[in-house]
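The structure appears below as structure tokens.
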Amino acid sequence: MDSDASAFLFSSLISGWKSDHLGRLVFVRWGLLMSSVAFAAQLLAHSVPALIIVRAAVGFALGVAVAATITYAFECGANMGKYSSYGSLGWIFGAAASSMIGDIELLFPLSFLFCLLAFFISLAFQKVPTYKFSRPPNLWLVMRRD
């Protein structure tokens, strides 16, 4: 598993759990802001080891935002099937756009700008009541259920 995927998995688990206690919007906003900074930092990575570290930071930051955003959407009453479909469409559009652009020197600033735009859009999100579980979810049981 590569560095950004490992960092994404780790931060999704931790930030999703912490957002249950501290609130979703904090993690959505901070995750998007950290992601935009991490995307911009890719412009400064001029060696392979530096790029690996920065890509891990990108994965970590996106994991913070994505975990909280999914839960926030659920608590807002969003149609989760449609939400998931639009998320997949976004990944596909991003991959297609990056293959068409092809220039890394242009991709990194565009990634930064789109993530920063998402952060500014998140500032308009309203706080919603947090869904309370009768008992906390057990990570081991969730992983066993697949």
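The values are calculated or read from the model by the stated rules, or taken from the named source; none is laboratory data. Quantities reported herein were computed from a predicted structural model and do not represent experimental measurements. Don't worry about glycine lacking a Cβ; one is built from the backbone with ideal geometry, like all the others, and counts go over all protein chains shown.
Being crowded, with 20+ Cβ neighbours inside 10 Å and of a type in the set (Ser, Thr, Tyr) is the filter; apply it to region 45-73 and report the residue that is farthest from residue 107 (Cα to Cα).
Only one residue tops the list, namely 72.
Kindly provide the set of residues from region 1-51 that are outside any helix (DSSP H, G or I) and closer than 17 Å to residue 122 by Cα, ordered by number.
Within region 1-51, just 23 meets the criteria.
If you go through region 74-85 one residue at a time, how many are loosely packed, with under 11 Cβ neighbours inside 10 Å and in a helix (DSSP H, G or I)?
2
Quick one: how many residues across region 14-29 are among the aromatic types (Phe, Trp, Tyr) and surrounded by 15 or more Cβ atoms within 10 Å (Cβ to Cβ)?
Taking region 14-29 and keeping what is among the aromatic types (Phe, Trp, Tyr), we get 17, 27.
Retained after the next criterion (residues that are surrounded by 15 or more Cβ atoms within 10 Å (Cβ to Cβ)): 27.
Selection size over region 14-29: 1.
I'd like to check something: does region 129-138 contain any residue that is closer than 27 Å to residue 25 by Cβ and at pLDDT 85 or above?
To start, the set of residues in region 129-138 that are closer than 27 Å to residue 25 by Cβ comprises 129-138.
Pick out the ones that are also at pLDDT 85 or above and you get none.
No: region 129-138 contains no residue that is closer than 27 Å to residue 25 by Cβ and at pLDDT 85 or above.
List pairs: first residue in region 40-53 and under 22 Å from residue 6 (Cβ atoms) and in contact (Cβ under 8 Å) with a residue 60 or more places away in the chain, second residue among the small types (Gly, Ala, Ser) and surrounded by 15 or more Cβ atoms within 10 Å (Cβ to Cβ) anywhere in the structure, Cβ distance under 8 angstrom, at least six positions apart or on different chains.
42/111
Hey, does region 30-39 have a residue that's hydroxyl-bearing (Ser, Thr, Tyr) and buried (at least 19 other Cβ atoms within 10 Å of the Cβ)? Walk me through it before giving the result.
Step one: filter region 30-39 for residues hydroxyl-bearing (Ser, Thr, Tyr), giving 35-36.
After this cut, where a residue has to be buried (at least 19 other Cβ atoms within 10 Å of the Cβ) as well, the list is 35-36.
The answer is yes; a qualifying residue exists.
Any residue at all in region 121-141 that is in a helix (DSSP H, G or I), closer than 17 Å to residue 36 by Cβ and out of contact with any strand residue (DSSP E or B) (no Cβ under 6 Å at 6 or more places or on another chain)? Please lay out each step first, then the result.
In the first step, residues of region 121-141 are kept if they are in a helix (DSSP H, G or I); the result is 121-122, 139-141.
Then keep just the ones that are closer than 17 Å to residue 36 by Cβ; that gives 121-122.
Still in the list and also out of contact with any strand residue (DSSP E or B) (no Cβ under 6 Å at 6 or more places or on another chain): 121-122.
Checked region 121-141: at least one residue is in a helix (DSSP H, G or I), closer than 17 Å to residue 36 by Cβ and out of contact with any strand residue (DSSP E or B) (no Cβ under 6 Å at 6 or more places or on another chain).
With the requirement that a residue be in a helix (DSSP H, G or I) and either surrounded by 13 or more Cβ atoms within 10 Å (Cβ to Cβ) or acidic (Asp, Glu) (or both), what does region 98-112 give you?
Step one: filter region 98-112 for residues in a helix (DSSP H, G or I), giving 98-101, 104-112.
Of everything in region 98-112, those that are in a helix (DSSP H, G or I) and either surrounded by 13 or more Cβ atoms within 10 Å (Cβ to Cβ) or acidic (Asp, Glu) (or both) turn out to be 98, 105, 107, 108, 109, 110, 111, 112.
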